[in-house]
Amino acid sequence: MSTEAPVASTSALVGGKAVPQQPVYCAVCSFPPEYCEFGAKKAKCMSWLEENHPALFAKYYSESALEDKLAHLTVDQRKALEKDLAKKEKKEEAKAEKEKAKMSSAKVVVKRMERSKKKYVTSVHGLHHFNVDMKKAAKLFANKFGAGATVSKTPQGEDEILIQGDVGDDVEEMLLERNEKKLVDVFGGKITEDQISVIIEEPKKKTAATIAAAAAALVPAQGTNH
Ligand SMILES: [Zn+2]
């Protein structure tokens with residue numbers, strides 16, 4: 001006990017003697033509570049301190065403590081400090097908000113495509129929004145369906161999984177599963193139903209269009225003069 005750390009500590013009176021306890025570090029910003037006000041999460045820091053160390057909270061945030069501190073600042077310094085803090089907090093909030101919006105607007109698109117008559121491939125795209133490990137996911141699908149499942153890149157350079165077979169509804173069920181640990185571990189257990197679109201690619205339209213295009217191309221080549 002030779003060095004006294006310049007950090008906040010709670011102390012208790014035991015038998016008339018003050019017994020120093022563990023130094024306290026803020027669980028929100030990791031600084032000693034007296035430095036919380038310089039962090040970007042001051043509001044959160046304050047409520048954490050109030051809840052967990054009411055004595056320290058009173059010490060640092062009681063009106064007299066604040067007045068004492070502010071008394072040493074000029075009006076301009078005080079204003080600058082408040083402005084700076086408000087800015088930092090706003091930035092932090094905007095960041096959290098953005099992250100949340102990104103997650104909630106993310107979509108997984110499960111699409112069934114007909115490769116040849118009655119032969120289907122199901123593609124699963126958008127799992128990267130949810131930080132899913134693609135290889136592990138492909139392996140889960142392969143095991144579940146006893147069919148080939150591979151990770152492939154879209155033209156945009158994003159990962160998607162291609163599964164042999166018409167398994168869209170089962171894939172959706174797997175993504176929504178919350179009780180099977182194996183699945184939750186890989187898919188995160190956070191994808192909601194309205195974040196999944198199951199699409200069936202219409203093969204007829206495509207085929208008709210392809211035939212029409214092919215026919216149109218053939219007409220001048222074959223000629224019409226017999
Ligand atoms: Zn803090």
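In the stretch 96-154, the qualifying residues are those that are without any contact (Cβ under 8 Å) to a residue 12 or more places away in the chain and hydroxyl-bearing (Ser, Thr, Tyr), and the one that is surrounded by the fewest Cβ atoms within 10 Å (Cβ to Cβ) is Ser116. Scanning the stretch 7-29 for residues that are among the small types (Gly, Ala, Ser), at pLDDT below 90 and either under 23 Å from Lys91 (Cβ atoms) or loosely packed, with under 13 Cβ neighbours inside 10 Å (or both) yields a total of 5.
Residue selection: Lys190 fails the criterion of being at pLDDT below 70 and of a type in the set (D, E, K, R). Taken residue by residue, the stretch 93-108 has at least one member that is out of contact with any Lys or Arg (no Cβ under 7 Å at 6 or more places or on another chain), of a type in the set (D, E, K, R), away from the ligand (no atom under 16 Å from the Cβ) and outside any helix (DSSP H, G or I).
Checking the condition surrounded by 11 or more Cβ atoms within 10 Å (Cβ to Cβ), among the small types (Gly, Ala, Ser) and closer than 19 Å to Cys29 by Cβ, which residue from Ala58, Ala40 passes? Let's see the steps before the verdict.
Numbers: Ala58 fails: closer than 19 Å to Cys29 by Cβ.
Exactly one of Ala58, Ala40 is surrounded by 11 or more Cβ atoms within 10 Å (Cβ to Cβ), among the small types (Gly, Ala, Ser) and closer than 19 Å to Cys29 by Cβ, namely Ala40.
Has the stretch 41-49 got any residue that is within 20 Å of Ala80 (Cα to Cα), within 12 Å of the ligand (Cβ to nearest atom), at pLDDT below 85 and aliphatic (A, V, I, L, M)? Within the stretch 41-49, none of the residues are within 20 Å of Ala80 (Cα to Cα), within 12 Å of the ligand (Cβ to nearest atom), at pLDDT below 85 and aliphatic (A, V, I, L, M).
Rundown of residues vs (1) surrounded by 14 or more Cβ atoms within 10 Å (Cβ to Cβ); (2) modelled with pLDDT under 95; (3) assigned to a helix (DSSP H, G or I), yes/no style:
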{"residue": "Ile163", "(1), (2), (3)": "yes, no, no"}
{"residue": "Ser197", "(1), (2), (3)": "yes, yes, no"}
{"residue": "Lys206", "(1), (2), (3)": "no, yes, yes"}
{"residue": "Ala221", "(1), (2), (3)": "no, yes, yes"}
{"residue": "Asn225", "(1), (2), (3)": "no, yes, no"}
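Screening Leu175 against (1) in a loop (DSSP other than H, G, I, E, B); (2) within 14 Å of Val110 (Cα to Cα) leaves a single unmet condition, (1). Residues in the stretch 142-161 that are assigned to a loop (DSSP other than H, G, I, E, B) and not acidic (Asp, Glu): Gly146, Ala147, Gly148, Thr154, Pro155, Gln156, Gly157.
The values are calculated or read from the model by the stated rules, or taken from the named source; none is laboratory data. Remember, predicted model here, so these are calculated numbers, not experimental data. No Cβ is skipped: glycine too gets one built from the backbone with ideal geometry, and neighbour counts run over all protein chains shown.
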